[in-house]
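Reading through the structure tokens given below for one structure.
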């Protein structure tokens, strides 16, 4: 049994197992022994590919962060009016979250206790700041209400998006409304922030 697992073992499958265990036990509560048992391989086999559990954490949160930051370079995020761009980024953020639920969940749970966690938190803040800048630009364009506090709006926006990790689980056949989930989030988030005359546009 163990030999069979070792024969098919890859760094990617180890990362998948590590993310599951980190999410179940918490990063601080996970030891290399826990990872070894969960993966069905020896600790020495794990060390053959990674320096330790923090490297696994960095690879995992990097996967989530890379997916988020890639959105900011997509055409929909860099072209058009600021309000259209921020709505696009919001929609695509939901897409990435749904595609990478375990990795985004882990990213949202880091607390800054290690160098990797502090790096991840800084990157998250950078992403949030980029979105806040788009919101500010949309207000300056007159497309979003000027009486909305941008910092609060940014927090509420990501609060709603990030809450999806608490209940969303991919299903083989999906679930009613899954394809419209990102559009629904955008509608709920921005309908109340649209400047008068632009709502429902």
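Between 0 and 90 degrees, the angle of helix 115-140 with respect to the longest Cα principal axis of the chain falls at about 10 degrees.
Normalising by the residue count of the chain, find the relative contact order in percent from Cα pairs under 8 Å and 6+ residues apart.
Working: 173 pairs, mean separation 40.1, N = 201.
The value is 20 percent.
For 33, 54, 100, the sequence from fewest to most other C-beta atoms within 10 Å is 33, 54, 100. The calculated P(r) of region 74-201, using every Cα pair and 5 Å bins from 0, goes 2, 10, 19, 22, 19, 14, 10, 4, 1, 0 in percent.
In units of the compact-protein estimate 2.2 N^0.38 Å, region 1-158 shows a Cα radius of gyration of 1.27.
Taken along the Cα-to-beta-carbon direction at a fixed 7 Å, the label points for residue 33 and residue 121 span 2.9 nm. The Rg/Rh ratio of region 66-124, with Rg taken over Cα atoms and Rh as the Kirkwood radius over Cα pairs, comes to 1.06.
Sorting 183, 128, 173 by the number of Cβ atoms found within 10 Å of their own Cβ, with the fewest placed first, yields 173, 183, 128. Extents of region 2-50, largest first, come to 28, 18, 17 Å (Cα atoms, principal axes, whole angstrom). Entry note, the chain: the mean residue ellipticity at 222 nm calculated from DSSP H runs of n ≥ 4, each adding -39500 (n - 2.57), is -21000 deg cm²/dmol after division by the residues and rounding to the nearest 500.
How much length is gained on full extension from residue 51 to residue 137, taking 0.36 nm per residue of separation minus their Cα-Cα distance? Please list the in-between numbers first.
Values: separation 86, 0.36 × 86 = 30.96 nm, distance 4.34 nm.
Gain in length upon complete extension: 26.6 nm.
Across 144, 106, 181, mean-square fluctuation computed from a Gaussian network of the chain (C-alpha pairs under 10 Å connected) peaks at 181.
Only the coordinates and a few stated rules stand behind these numbers; no lab work does. Everything numeric in this text was worked out from a predicted model, so none of it was measured. Using ideal geometry, Cβ is built from the backbone for each residue, glycine included, and neighbour counts are taken over all protein chains shown.
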